[in-house]
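**Student:** Next up is a structure, given as structure tokens.
The values are calculated or read from the model by the stated rules, or taken from the named source; none is laboratory data. Remember, predicted model here, so these are calculated numbers, not experimental data. Here the Cβ positions follow ideal geometry from the backbone for every residue, glycine too, while neighbour counts run over all protein chains shown. Ligands, DNA and RNA are stripped out before the accessible areas are found, and what is left, the full protein with its side chains, is counted by its heavy atoms. Shrake-Rupley method; radii C 1.70, N 1.55, O 1.52, S 1.80 Å.
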Amino acid sequence: MSAIAVTDTDGGLGRASGFARTWLPAILVFGIGLLCWQWIFPDVLGVKPFLLPRLSDVIDALWENRDALLTAAWITFKEAFGGLVLGSSVAVIASLVLARWRPLGNALIPYLIAANAIPVIAFAPITNAWFGTLSPWSKIVIAAALCFFPVLVNTLRGLTSVHPASIELMHAYACPQRTIFWKLRIPASMPYLFTALKIAAVLAMIGAVVGDYFGGSTESLGVQIQSAVALSRYEIAWAAIVVASILGSVLYGAVACAERLVIRWHPSVRAVD
């Protein structure tokens, strides 16, 4: 019994030390950043409030305008989440098609790269014309366009990165293409897919907020930021930016949690445990 207790204690100490190594540096940097924001930037460096308001002023604005910011956060979060789901779903389907018919993929990839080089925000006036300025779909489409390319490229790379010997073995057993995809290619692509989804989660929030700058609900985060800056209420603008950052982190964290649940067998996930 004592040996078991020692083993359990050692395991607990190992997990605690692993947690400390992983998170303490980030917590330390975060704390230093907050201290600099509150005192160093305004008092020592003389940063003006219109560039960066004091942290305490931003927190006060966040609390005083919590109802309006909460409503705006919900509106923008729905737009970002819708864009993430739409863009990622279309990208996954497209990557499956391109991986199945490789000549088609080789023909289309250069054009997809060229299309991705166009600033997606330039399409905002067009999507507003398609769906209406106040329609959430114009922002969802912008967020989806931002998510599409990274998910497509990473998933396609994962689907086509299977070792040739594994493919030959499946062919030796006379497995049809759908079995090869289901049993071999799709599992191999999952780490690539989740890496792309974590990138897309942040891009979706950026697309939703920036899309509001070109016209949207007066209660959305983008419009709230624009209005606050126009009225020189910079602490409210920064409070809205903080809310947008939190929402982006929530989307990222949700994807990271899904990754740990779905591909817990992969070494990249097990190494974090």
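**Student:** Within segment 137-156, how many residues are surrounded by 22 or more Cβ atoms within 10 Å (Cβ to Cβ) and over 17 Å from ALA94 (Cα atoms)?
**Tutor:** First pass over segment 137-156, keeping only residues surrounded by 22 or more Cβ atoms within 10 Å (Cβ to Cβ): 138-148, 151-152, 154-156.
Adding the requirement that they be over 17 Å from ALA94 (Cα atoms) leaves 138-140, 142-143.
Summing the residues that are surrounded by 22 or more Cβ atoms within 10 Å (Cβ to Cβ) and over 17 Å from ALA94 (Cα atoms) in segment 137-156 gives 5.
**Student:** State which residue is most open to solvent (accessible area, probe 1.4 Å) when the search covers only segment 175-194 and only residues that are of a type in the set (D, E, K, R) and touching a helix residue (DSSP H, G or I) at 6+ places or on another chain (Cβ under 9 Å). Reasoning before the result, please.
**Tutor:** Step one: list which residues in segment 175-194 are of a type in the set (D, E, K, R), which gives 178, 183, 185.
Okay, now just the ones that are also touching a helix residue (DSSP H, G or I) at 6+ places or on another chain (Cβ under 9 Å), so 183, 185.
Working: LYS183: 136, ARG185: 39 Å².
The qualifying residue most open to solvent (accessible area, probe 1.4 Å) is LYS183.
**Student:** Suppose we keep only residues that are modelled with pLDDT of 85 or more and out of contact with any helix residue (DSSP H, G or I) (no Cβ under 7 Å at 6 or more places or on another chain) within segment 31-45. Which one would you say is most open to solvent (accessible area, probe 1.4 Å)? Walk me through how you get there before you give the answer.
**Tutor:** Taking segment 31-45 and keeping what is modelled with pLDDT of 85 or more, we get 31-40.
Right, trim to out of contact with any helix residue (DSSP H, G or I) (no Cβ under 7 Å at 6 or more places or on another chain) and you get 31-33, 35-36, 39-40.
Details: GLY31: 27, ILE32: 87, GLY33: 36, LEU35: 95, CYS36: 35, TRP39: 131, ILE40: 68 Å².
For segment 31-45, the residue satisfying everything is TRP39.
**Student:** Sticking with this structure for a sec: Note down all Cβ pairs under 8 Å where the first residue falls in segment 71-86 and is in contact (Cβ under 8 Å) with a residue 12 or more places away in the chain, the second is of a type outside the set (Phe, Trp, Tyr) and not in a helix (DSSP H, G or I), and they're at least six residues apart or on different chains.
**Tutor:** Cβ pairs passing all conditions: THR71/GLU219; ALA72/GLU219; ALA72/SER220; ILE75/SER217; ILE75/GLU219; ILE75/SER220; THR76/SER220; GLU79/SER220.
**Student:** So, in segment 36-51, how many residues would count as being within 27 Å of the chain's Cα centre (by Cα) and among the aliphatic types (A, V, I, L, M)?
**Tutor:** 1
**Student:** So is ALA91 over 24 Å from the mean Cα position of the chain (by Cα) and open to solvent by less than 20 Å² (accessible area, probe 1.4 Å) or not?
**Tutor:** Numbers: over 24 Å from the mean Cα position of the chain (by Cα): no; open to solvent by less than 20 Å² (accessible area, probe 1.4 Å): yes.
No; evaluated as a whole, the condition is false for this residue.
**Student:** Condition first: small (Gly, Ala, Ser), touching an Asp or Glu at 6+ places or on another chain (Cβ under 8 Å) and closer than 24 Å to ALA144 by Cα. Now tell me which residues in segment 56-77 satisfy that. Spell out the reasoning first.
**Tutor:** Of all residues in segment 56-77, those small (Gly, Ala, Ser) come to 56, 61, 68, 72-73.
Checking the rest, the ones that are also touching an Asp or Glu at 6+ places or on another chain (Cβ under 8 Å) come to 61, 68, 72.
ALA72 - this is the single residue of segment 56-77 that is small (Gly, Ala, Ser), touching an Asp or Glu at 6+ places or on another chain (Cβ under 8 Å) and closer than 24 Å to ALA144 by Cα.
**Student:** Considering only residues of segment 208-224 that are closer than 23 Å to PHE123 by Cβ and surrounded by fewer than 24 Cβ atoms within 10 Å (Cβ to Cβ), which is nearest to the chain's Cα centre (by Cα)? Outline the logic, then answer.
**Tutor:** As a first pass, look at segment 208-224 and keep what is closer than 23 Å to PHE123 by Cβ: 208-218, 220-224.
With the extra rule that they be surrounded by fewer than 24 Cβ atoms within 10 Å (Cβ to Cβ), the set shrinks to 210, 213-215, 217-218, 223.
On the way: VAL210: 15, TYR213: 20, PHE214: 22, GLY215: 23, SER217: 23, THR218: 25, VAL223: 21 Å.
Only one residue fits best here, namely VAL210.
**Student:** Also: Could you say whether any residue in segment 195-206 is among the polar types (S, T, N, Q), in a loop (DSSP other than H, G, I, E, B) and either open to solvent by less than 80 Å² (accessible area, probe 1.4 Å) or modelled with pLDDT under 90 (or both)? Walk me through it before giving the result.
**Tutor:** Residues of segment 195-206 that are among the polar types (S, T, N, Q), as a first pass: 195.
Still in the list and also in a loop (DSSP other than H, G, I, E, B): none.
So far as segment 195-206 goes, no, none of its residues is among the polar types (S, T, N, Q), in a loop (DSSP other than H, G, I, E, B) and either open to solvent by less than 80 Å² (accessible area, probe 1.4 Å) or modelled with pLDDT under 90 (or both).
**Student:** Considering each of SER189, SER217 in turn, give the residue that is outside any helix (DSSP H, G or I) and in contact (Cβ under 8 Å) with a residue 12 or more places away in the chain. So that I can check it myself, show each step before the final result.
**Tutor:** Numbers: SER189 fails: outside any helix (DSSP H, G or I).
Answer to the selection: SER217.
**Student:** Then there is this: Among the listed residues VAL58, VAL120, VAL90, identify the single one that is of a type in the set (Val, Ile, Thr), within 28 Å of PHE181 (Cα to Cα) and in contact (Cβ under 8 Å) with a residue 24 or more places away in the chain.
**Tutor:** Numbers: VAL58 fails: within 28 Å of PHE181 (Cα to Cα); VAL120 fails: within 28 Å of PHE181 (Cα to Cα).
Of VAL58, VAL120, VAL90, the one residue that is of a type in the set (Val, Ile, Thr), within 28 Å of PHE181 (Cα to Cα) and in contact (Cβ under 8 Å) with a residue 24 or more places away in the chain is VAL90.
**Student:** Same structure again: Can you name the number of the only condition in (1) under 22 Å from ARG233 (Cα atoms); (2) hydroxyl-bearing (Ser, Thr, Tyr); (3) at pLDDT below 85 that THR22 fails?
**Tutor:** THR22 satisfies all of (1) under 22 Å from ARG233 (Cα atoms); (2) hydroxyl-bearing (Ser, Thr, Tyr); (3) at pLDDT below 85 except (1).
**Student:** Can you work out which of the residues in segment 157-174 that are in contact (Cβ under 8 Å) with a residue 24 or more places away in the chain and hydroxyl-bearing (Ser, Thr, Tyr) is surrounded by the most Cβ atoms within 10 Å (Cβ to Cβ)?
**Tutor:** Going through segment 157-174, the residues in contact (Cβ under 8 Å) with a residue 24 or more places away in the chain turn out to be 157-162.
Checking which are hydroxyl-bearing (Ser, Thr, Tyr) leaves us with 160-161.
On the way: THR160: 15, SER161: 12.
Among residues in segment 157-174 that are in contact (Cβ under 8 Å) with a residue 24 or more places away in the chain and hydroxyl-bearing (Ser, Thr, Tyr), the one surrounded by the most Cβ atoms within 10 Å (Cβ to Cβ) is THR160.
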